[in-house]
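Asker: Here's a structure for you.
The values are calculated or read from the model by the stated rules, or taken from the named source; none is laboratory data. In this text, all values refer to a predicted model and were calculated from it rather than measured experimentally. Please note: Cβ atoms are built from the backbone with ideal geometry, for glycine as well, and neighbour counts cover all protein chains shown.
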């Protein structure tokens, strides 16, 4: 994996309607028919799987789209890609990611910047 969006460990203020994995090479499904149930997004705070609307691969990107924005609130989402479902065009399989290998938080409201005597501060 070359890039995750949102970044691993990031905190997002606002709507998250999709997440993206960018690989360093073009990729494809190993088996088109089994892809939808092998990329899991888990809301750790609510202890539930998040319903995924569509999962697509376009060149070097895997995009997971939701039916709408992830619920507002302080949640940690964990993404799990099972090994052996994606490969590069030369047939090299992606090893997958574990349950806690990609986590991000979605927070309610907007990020505020305020001044203190010590300078700028952002709540976190």
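Asker: Has the range 33-51 got at least one residue that is buried (at least 17 other Cβ atoms within 10 Å of the Cβ), at pLDDT 90 or above, more than 25 Å from residue 105 (Cβ to Cβ) and touching a strand residue (DSSP E or B) at 6+ places or on another chain (Cβ under 9 Å)? Let's see the steps before the verdict.
Answerer: Start the filter on the range 33-51 by keeping residues that are buried (at least 17 other Cβ atoms within 10 Å of the Cβ), which leaves 35, 38-39, 41-43, 50.
From the residues that got through so far, the ones that are at pLDDT 90 or above too are none.
Looking for residues that are buried (at least 17 other Cβ atoms within 10 Å of the Cβ), at pLDDT 90 or above, more than 25 Å from residue 105 (Cβ to Cβ) and touching a strand residue (DSSP E or B) at 6+ places or on another chain (Cβ under 9 Å), one finds none in the range 33-51, hence no.
Asker: Now for a different question. Check whether at least one residue in the range 1-22 is modelled with pLDDT under 85, farther than 19 Å from residue 107 by Cβ, touching a strand residue (DSSP E or B) at 6+ places or on another chain (Cβ under 9 Å) and outside any helix (DSSP H, G or I), and report yes or no.
Answerer: Yes, some residue in the range 1-22 is modelled with pLDDT under 85, farther than 19 Å from residue 107 by Cβ, touching a strand residue (DSSP E or B) at 6+ places or on another chain (Cβ under 9 Å) and outside any helix (DSSP H, G or I).
Asker: If residue 114 satisfies every condition in (1) exposed (fewer than 10 other Cβ atoms within 10 Å of the Cβ); (2) modelled with pLDDT of 65 or more but one, which is the exception?
Answerer: (2)
Asker: Mind telling me which of the residues 64, 99, 79 ends up being within 17 Å of the chain's Cα centre (by Cα), assigned to a strand (DSSP E or B) and modelled with pLDDT under 65?
Answerer: Among 64, 99, 79, only 79 is within 17 Å of the chain's Cα centre (by Cα), assigned to a strand (DSSP E or B) and modelled with pLDDT under 65.
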